[in-house]
Amino acid sequence: MTVRQDAPGDSGTQDLEVWIDQDLCTGDGICVQYAPEVFELDIDGLAYVKSGEDELLQDKGATTPVPLPLLQDVVDSAKECPGDCIHVRRVSDSVEVFGPDAA
Ligand code: SF4
């Protein structure tokens, strides 16, 4: 039996990174529920990405690598994000593969 499943995009094994546009974040925390290793709400009520060392990255447009085991959780966050403000892109050419600007 052959079962074809659509892969989530064609990102393959290429390195991906994620960033949040805080200007559009509603602060509902859905992303933190999906992937607390990657996202965190700060005291300003907005979500930020975290470094691999668990450090909150608050610079505008700051990115953090998406660990492969967490890719689906991060993609689900981007899909469910009410602010449409979670952007997942390829490190190699900065093309968005999941999020509001994905093709
Ligand atoms: S899911 Fe989107 S809108 Fe909600 S807290 Fe996370 S980044 Fe902000």
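Readers should treat all values here as calculations from the given coordinates under stated rules, not as data from a laboratory. Note that this is a predicted model, so its numbers are computed, not measured. Note that each Cβ is placed from the backbone with ideal geometry, even for glycine, and that neighbours are counted across all protein chains shown.
Assorted remarks:
- Extreme residue, nearest to R89 (Cα to Cα), among residues of the range 27-57 that are hydroxyl-bearing (S, T, Y) and surrounded by 14 or more Cβ atoms within 10 Å (Cβ to Cβ): Y48
- Test: residue in the range 69-83 that is crowded, with 20+ Cβ neighbours inside 10 Å, within 10 Å of the ligand (Cβ to nearest atom), part of a strand (DSSP E or B) and over 9 Å from the mean Cα position of the chain (by Cα): no
- Taken over the range 15-63, residues that are near the ligand (Cβ under 10 Å from one of its atoms) and part of a loop (DSSP other than H, G, I, E, B) amount to 9.
- Taking the criterion of being farther than 16 Å from P82 by Cα and either more than 15 Å from the chain's Cα centre (by Cα) or among the small types (G, A, S) (or both), the residues of the range 32-53 that qualify are D42, I43, D44, S51, G52, E53.
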